[in-house]
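Q: Take a look at this one; I'll ask things after.
The values are calculated or read from the model by the stated rules, or taken from the named source; none is laboratory data. If you're wondering where the values come from, they're calculated on a predicted model, not measured in any experiment. Cβ placement follows ideal geometry from the backbone for every residue including glycine, while neighbour counts extend to all protein chains displayed. Note: accessible area is taken over every heavy atom of the protein model, side chains too, but ligands, DNA and RNA are not part of it. Shrake-Rupley method; radii C 1.70, N 1.55, O 1.52, S 1.80 Å.
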Amino acid sequence: MKERTLVVCEKPTAARRIAHALDDRGAPETYDEGGVPIFIAKRAEDELVVVSALGHLFSIAQDGGKWTYPVYDYSWVPAHEADKRQARTKRFIQAIERASEGTTRYVSACDLDMEGSLIAYMVLLNVCGEDSLDEAKRMRYSTLTERDLVKAWNEMAPNLDYPQIEAGRTRHEVDWLFGINLTRALSLSLKNASGTFKTLSIGRVQGPTLNFVKEREVEIQGHVPIPFWVIKAETTIEGGRIPLDYAKARIDKKSEARDIVSACRGKEGVISTVSTRRVEQSPPTPFNLGDLQREAYSKFRYNPRTTLNAAERLYLGAYISYPRTSSQRIPPSIDVRGILEGLRRRKGYARLVTSLLKESKLTPVQGAKDDPAHPAIHPTGAVPGKLTGVDARIYDLVCRRFMASLGGPAVRDNVSAKVIVDGEDEVHAFFLKGAKLVEEGWIKFYQPYVKEKDFEIPRLSEGQRVPIAKLRYLERYTKPPARFNPGSLLRLMEEEGLGTKATRTDIVDTLFKRGYVKDSATEITDLGFTIVENLERYAPDILSVEMTRSLEGDMGRIQSGEFSREDAIEKTVEVLESTLSGFKAHEASIGSEISGAVTREEERSSYLGRCPRCGDGHLRIIVNKKTGKRFAGCSNYFKGTCTTSYPLPQRGRINPTGRACGECGAPIIRVTSKGRRPWELCIDINCPSKRGGSNDE
Amino acid sequence: MSRCCPLCWRLNEEGSEYCRYHSDARQSLHKAFSLWRDALEIGWEDYLVAVSARQESGRWVCEVAHHLLEKGKNGA
């Protein structure tokens, strides 16, 4: 008898791929249900109704009550009821409801992770009814290729993965409780103190992450540089100039550095020892999500969100495997040779792949990190048509990294020679260093993403005399630690066990969105700093890595059945009760401090610099209340002593640079628009720097 | 009675004329002076001028250095 099976997918693109892969003819029927695509695939005698969610169709909402805190009562409701911005999800729920009529079997085909498992569970429970869960099975796949999807269908798990679902549900509920209560506490403290409403969010992962940024800023702003000196020289051997480094890398007194230089000046050196050390550099491991995001930041300056979005598009196109993975391992079940055969068809990889395929054994190097659900990110072998921009770069990075992981080690000869200079009172030593690549190994597969570090030097012998030239001492100062960039912040979160591979990118995004940090260097703002200072004083648990780590541990124990959702919620409420009572008692002073920070931040972001015409006024960004247009005006306008004003670009975000134009003295601003590279300009449209236009004259 | 730090909006740390961050910056300045003196044979005021001119110096350190110079204090 013909059976109807409802197959629940996470996104429309995935649903289309799954329906095509499972349909016997590879051409499922498609119809539109209120703007939502539904696919009917025929498989043997059965009919598969393939439907799609749109990420989470159900979310948590407060049970009644006002916009206040504490809030501990909640329910799972349709996402469009909890958040008006999720209005589109209503049509998906209705479409699934209609499409599921007459279905007797159910399959969760969402992404194989906590979120995917929860999405399908909530759809089945709330749309198809509790009984559907008894008949529900789970497809497990890591790529959207036809081969993997058919395999996943044939080897379906007989039940939904309830431990994952329970852990996912707990995570959402715990995060909601922290988020809603702390965000309301902060936002209401500001509103009650100043009458201004601004969403000031904080959560159990956001708190410690923001605290890392603040602690780093404290180190930077409290840094006193210490002077030191380095001694540099050069020698010439066989006509080539080779740098020499003094044996003592750092000299603490200027007089000592000066004495060394005068003692060695005009002297010859003698090579006392020459040593060569052969070093093998193993291939890099295939990417997990964090590694890919860091590498994309380092090579292309892509922020983690840009990289993740591109990786997800490539996954939905079936060009790469599932990107939200912690694994740096490619299991033996993956057909590496088959993937390479596919990649060979792509121009640019053919020569590299051919050389790899000559190897009798192809074993990728395996990293330390693993993920029970997914392998490391790898190409599927399906060759994309024309990729452009971010997608093309991320795809190339993944493919080359995969090929590099299959390459042999790179071998280098590191040469080091000690050069002795006989000074007047003592003997001084310099070192001459070089390196030669003996075997390219994996490096040839990972070009152009490997920096060439080799510096070949001529053959040296002990007792050889060499001239010492360009001898000098250079003053240096100790530097403060660097600010985090989005990549290094993600790494720290990963190392400290904060958040998951699926949530870390969102947490970093939120810090920017709320105005707690700014610029690509992740510099904390006054507002971010004040929030952390107040939490330190009145709710220190929220900044504690240990508290969050302990909750993460609980989620892990829920997955292994050692802890229950109810216990985790109870623990969360306990922490919140003590935190919120401390907060409430000091709400007025917290609100007034935050209000001060908001004002300072607004003033700072609108201040452009000194007025070049009157000299003592200040230029600020002003928004015309009638037209809504913005311009720069001098603060002396209100005193009636200066009428200077400049038009400003009406689109994009304007950031003051703090610099004045070298030509006319007017402030220089940086304008950032979506999809465009930020650009800097002098705000004076009549500035001499803007005349001419052509460089041909 | 608590007072405001002369260099920012924060309250002074107990027993200090500055808030906790500017107070720490002042301590770091004092601690680093002996290293500068040995390295460059430099006096306290020249040291404060030199530190506040360095781009590696933190903002709070520069603010304290300027403040000390303005007050003509000799904290060394």
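Q: Any idea which residue in the stretch A:233-257 is surrounded by the fewest Cβ atoms within 10 Å (Cβ to Cβ), counting only those that are more than 14 Å from chain B (Cβ to nearest Cβ) and basic (Lys, Arg)?
A: Across the stretch A:233-257, the extreme among qualifying residues is A:Arg241.
Q: Any residue in the stretch A:445-459 that is touching a helix residue (DSSP H, G or I) at 6+ places or on another chain (Cβ under 8 Å), away from chain B (no Cβ under 14 Å) and of a type in the set (Ser, Thr, Tyr)?
A: Residues of the stretch A:445-459 that are touching a helix residue (DSSP H, G or I) at 6+ places or on another chain (Cβ under 8 Å), as a first pass: A:445-447, A:449-450.
Retained after the next criterion (residues that are away from chain B (no Cβ under 14 Å)): A:445-447, A:449-450.
Among the residues that remain, those that are also of a type in the set (Ser, Thr, Tyr) are: A:446, A:449.
Looking through the stretch A:445-459, at least one residue is touching a helix residue (DSSP H, G or I) at 6+ places or on another chain (Cβ under 8 Å), away from chain B (no Cβ under 14 Å) and of a type in the set (Ser, Thr, Tyr).
Q: Could we say that A:Ala376 is at pLDDT below 95 and either in contact with a Lys or Arg (Cβ under 7 Å, 6 or more places away or on another chain) or closer than 30 Å to A:Met114 by Cα (or both) here?
A: no
Q: Can you find even one residue in the stretch A:280-287 that is open to solvent by 10 Å² or more (accessible area, probe 1.4 Å), β-branched (Val, Ile, Thr) and either in contact (Cβ under 8 Å) with a residue 60 or more places away in the chain or away from chain B (no Cβ under 14 Å) (or both)?
A: The answer is yes; a qualifying residue exists.
Q: Continuing with the same structure: Within the group A:Leu357, A:Leu397, A:Leu362, which residue is buried (at least 17 other Cβ atoms within 10 Å of the Cβ) and either of a type in the set (A, V, I, L, M) or farther than 18 Å from A:Val450 by Cβ (or both)?
A: Testing whether each residue is buried (at least 17 other Cβ atoms within 10 Å of the Cβ) and either of a type in the set (A, V, I, L, M) or farther than 18 Å from A:Val450 by Cβ (or both) leaves just A:Leu397.
Q: Another question, if that's okay. I'd like to know if the stretch A:207-215 contains one or more residues that are of a type in the set (Phe, Trp, Tyr), closer than 28 Å to A:His20 by Cα, in a helix (DSSP H, G or I) and open to solvent by 30 Å² or more (accessible area, probe 1.4 Å).
A: Here is the first cut: in the stretch A:207-215, the residues of a type in the set (Phe, Trp, Tyr) are A:212.
Keeping just the survivors that are closer than 28 Å to A:His20 by Cα gives none.
Scanning the stretch A:207-215, I find no residue that is of a type in the set (Phe, Trp, Tyr), closer than 28 Å to A:His20 by Cα, in a helix (DSSP H, G or I) and open to solvent by 30 Å² or more (accessible area, probe 1.4 Å), so the answer is no.
Q: Determine which member of the set A:Val230, A:Val218 is farther than 19 Å from A:Glu601 by Cα, within 14 Å of another protein chain (Cβ to nearest Cβ) and open to solvent by 10 Å² or more (accessible area, probe 1.4 Å).
A: Selected residue: A:Val230, the only one of A:Val230, A:Val218 that is farther than 19 Å from A:Glu601 by Cα, within 14 Å of another protein chain (Cβ to nearest Cβ) and open to solvent by 10 Å² or more (accessible area, probe 1.4 Å).
Q: Looking at the stretch A:606-617, is at least one residue assigned to a helix (DSSP H, G or I) and open to solvent by 20 Å² or more (accessible area, probe 1.4 Å)? Lay out the reasoning, then the answer.
A: Going through the stretch A:606-617, the residues assigned to a helix (DSSP H, G or I) turn out to be A:606.
After this cut, where a residue has to be open to solvent by 20 Å² or more (accessible area, probe 1.4 Å) as well, the list is A:606.
Yes: the stretch A:606-617 contains one or more residues that are assigned to a helix (DSSP H, G or I) and open to solvent by 20 Å² or more (accessible area, probe 1.4 Å).
Q: Looking at the stretch A:578-604, I want the residues that are among the charged types (D, E, K, R) and have a partner that is open to solvent by 70 Å² or more (accessible area, probe 1.4 Å) and modelled with pLDDT of 90 or more with Cβ atoms under 9 Å, at least 6 apart or on another chain. Which pairs are those?
A: A:Lys584/A:Pro70; A:Glu587/A:Asn192; A:Glu603/A:Arg620
Q: Could you tell me whether A:Ser321 is open to solvent by less than 30 Å² (accessible area, probe 1.4 Å), under 30 Å from A:Pro409 (Cα atoms), away from chain B (no Cβ under 14 Å) and in contact with an Asp or Glu (Cβ under 8 Å, 6 or more places away or on another chain)?
A: Considered against the rule, which asks whether it is open to solvent by less than 30 Å² (accessible area, probe 1.4 Å), under 30 Å from A:Pro409 (Cα atoms), away from chain B (no Cβ under 14 Å) and in contact with an Asp or Glu (Cβ under 8 Å, 6 or more places away or on another chain), A:Ser321 comes out as no.
Q: From the set of residues in the stretch B:46-71 that are of a type in the set (Ser, Thr, Tyr) and more than 9 Å from chain A (Cβ to nearest Cβ), which is most open to solvent (accessible area, probe 1.4 Å)?
A: B:Ser52
Q: While we're looking at this one, here's another question. Could you figure out which of (1) open to solvent by 80 Å² or more (accessible area, probe 1.4 Å); (2) not in a helix (DSSP H, G or I) isn't true of A:Lys151?
A: Of everything listed in (1) open to solvent by 80 Å² or more (accessible area, probe 1.4 Å); (2) not in a helix (DSSP H, G or I), A:Lys151 misses just condition (2).
Q: Considering only residues of the stretch B:33-45 that are free of Cβ contacts under 8 Å to residues at least 12 places away in the same chain and within 9 Å of another protein chain (Cβ to nearest Cβ), which is nearest to B:Trp9 (Cα to Cα)?
A: Filtering the stretch B:33-45 for residues that are free of Cβ contacts under 8 Å to residues at least 12 places away in the same chain and within 9 Å of another protein chain (Cβ to nearest Cβ), the one nearest to B:Trp9 (Cα to Cα) comes out as B:Leu35.
Q: Another question about this same structure. Scan the stretch B:1-48 residue by residue and report those that are of a type in the set (Ser, Thr, Tyr) and farther than 30 Å from A:Arg600 by Cα.
A: In the first step, residues of the stretch B:1-48 are kept if they are of a type in the set (Ser, Thr, Tyr); the result is B:2, B:16, B:18, B:21, B:23, B:28, B:34, B:47.
The answer is B:Ser34, B:Tyr47.
Q: Can I ask one more? Can you give me the ranges of the strands (runs of 3 or more DSSP E) entirely in the stretch A:426-534 with at least 3 residues that are touching a residue at least 40 places away in the same chain (Cβ under 8 Å) and open to solvent by 70 Å² or more (accessible area, probe 1.4 Å)?
A: Passing ranges, in order: A:469-477.
Q: Taking the residues in the stretch A:172-200 that are farther than 27 Å from A:Met555 by Cβ and among the aliphatic types (A, V, I, L, M) as candidates, determine which candidate is most open to solvent (accessible area, probe 1.4 Å).
A: If we take residues in the stretch A:172-200 being farther than 27 Å from A:Met555 by Cβ and among the aliphatic types (A, V, I, L, M), then A:Ala193 is most open to solvent (accessible area, probe 1.4 Å).
Q: State yes or no: is A:Thr627 without any contact (Cβ under 8 Å) to a residue 12 or more places away in the chain and over 35 Å from the mean Cα position of the chain (by Cα)?
A: When the stated conditions are applied, A:Thr627 passes them.
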